[in-house]
Amino acid sequence: MKNIVILISGRGSNMEAMIAARDAGTLPVHIAAVISNRPDAKGLETAARAGITTHYVDHKAFPSREAFDGALAECIDGFAPDLVVLAGFMRILTEGFVRHYEGRLLNIHPSLLPSFPGLHTHQRALDEGVRIHGCTVHFVTPALDHGPVVIQAAVPVLDGDDEDALAARVLRQEHRIYPQAVRWFAEDRLSLVDGKVRLAAELRDDSVLIAPEVR
């Protein structure tokens, strides 16, 4: 069974989805630790109640981004993870950190990448008038929100949507596809080879890789 370490900055709702999937027997991983860059992150309490080891590495205590990333990597590596999962971890990571975990660092982004990288994705989607929005699980590379795509879920943008309504619709899909991507990795059906996503042959199906909204 593979070890994973989850990084959070706040409530960690995607972390909660993975804990629920683990407890339901649908995510065959050992969550070795949950680590936050914020000592007051609510998700640390949630993880502790689930019996998971928690730590924080406060980014404010370090003089540079590089120094923080070095301390964070040291903390992570103490758990010997097979995979590091960013679940609402609100820090831009240095290239050295990303290279250290190349091929075993996943993130979820609340848009259909490459559209709307960065922040405020839902409002930007509304402002642009797109009719389809969604979320993307991808391997992390030094280019922000531009790593190789593992799986996406699409949702409709409805007349009358505001930012909160659209965000809630997307978040439900995040909680569905992120545990799925981690499960593929845990089952040795997902890897990154020469910068390209490799999936087991039985997974190469549009209905899986672009997951429609479940109503």
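Among the residues making up the range 41-70, a single one is among the β-branched types (V, I, T) and surrounded by fewer than 17 Cβ atoms within 10 Å (Cβ to Cβ): T53. Return the residues of the range 49-59 that are in contact (Cβ under 8 Å) with a residue 12 or more places away in the chain and either among the β-branched types (V, I, T) or under 19 Å from A21 (Cβ atoms) (or both); say none if nothing qualifies. Scanning the range 49-59 gives A50, I52, T53, T54, V57.
Check whether at least one residue in the range 166-183 is touching a Phe, Trp or Tyr at 6+ places or on another chain (Cβ under 8 Å), under 23 Å from M18 (Cβ atoms), of a type in the set (A, V, I, L, M, F, W, C) and modelled with pLDDT of 95 or more, and report yes or no. Checked against the condition, which is being touching a Phe, Trp or Tyr at 6+ places or on another chain (Cβ under 8 Å), under 23 Å from M18 (Cβ atoms), of a type in the set (A, V, I, L, M, F, W, C) and modelled with pLDDT of 95 or more, the range 166-183 yields no hits at all.
Can you find a residue in the range 79-91 that is among the aliphatic types (A, V, I, L, M), assigned by TED's automatic domain parsing to the domain that holds L7 and either surrounded by fewer than 16 Cβ atoms within 10 Å (Cβ to Cβ) or more than 29 Å from A153 (Cβ to Cβ) (or both)? Looking for residues that are among the aliphatic types (A, V, I, L, M), assigned by TED's automatic domain parsing to the domain that holds L7 and either surrounded by fewer than 16 Cβ atoms within 10 Å (Cβ to Cβ) or more than 29 Å from A153 (Cβ to Cβ) (or both), one finds at least one in the range 79-91, hence yes.
Could you please let me know if Q173 is surrounded by fewer than 22 Cβ atoms within 10 Å (Cβ to Cβ) and part of a helix (DSSP H, G or I)? Considered against the rule, which asks whether it is surrounded by fewer than 22 Cβ atoms within 10 Å (Cβ to Cβ) and part of a helix (DSSP H, G or I), Q173 comes out as no. Summed over the range 109-132, residues that are assigned to a strand (DSSP E or B) and either on the phi > 0 side of the Ramachandran plot or touching a Ser or Thr at 6+ places or on another chain (Cβ under 7 Å) (or both) total 1. Can you find, within the range 153-176, the residue that is nearest to Q123 (Cα to Cα) among those that are among the small types (G, A, S) and touching a strand residue (DSSP E or B) at 6+ places or on another chain (Cβ under 9 Å)? Checked the range 153-176; the qualifying residue nearest to Q123 (Cα to Cα) is A154.
Residues that are farther than 27 Å from F97 by Cβ and not in a strand (DSSP E or B) do occur in the range 138-157. Scanning the range 30-68 for residues that are closer than 14 Å to I4 by Cα, in contact with a Leu (Cβ under 8 Å, 6 or more places away or on another chain) and aliphatic (A, V, I, L, M) yields V34, I35.
The sole residue among D145, D159 that is surrounded by fewer than 13 Cβ atoms within 10 Å (Cβ to Cβ) and charged (D, E, K, R) is D159. In this entry, I35 passes the filter for residues that are touching a helix residue (DSSP H, G or I) at 6+ places or on another chain (Cβ under 7 Å), under 11 Å from I8 (Cβ atoms) and assigned by TED's automatic domain parsing to the domain that holds A87.
The values are calculated or read from the model by the stated rules, or taken from the named source; none is laboratory data. No experiment lies behind these values; they were computed from the predicted model shown. Quick reminder, even Gly has a Cβ in these numbers, built from the backbone with ideal geometry, and neighbours come from all protein chains shown.
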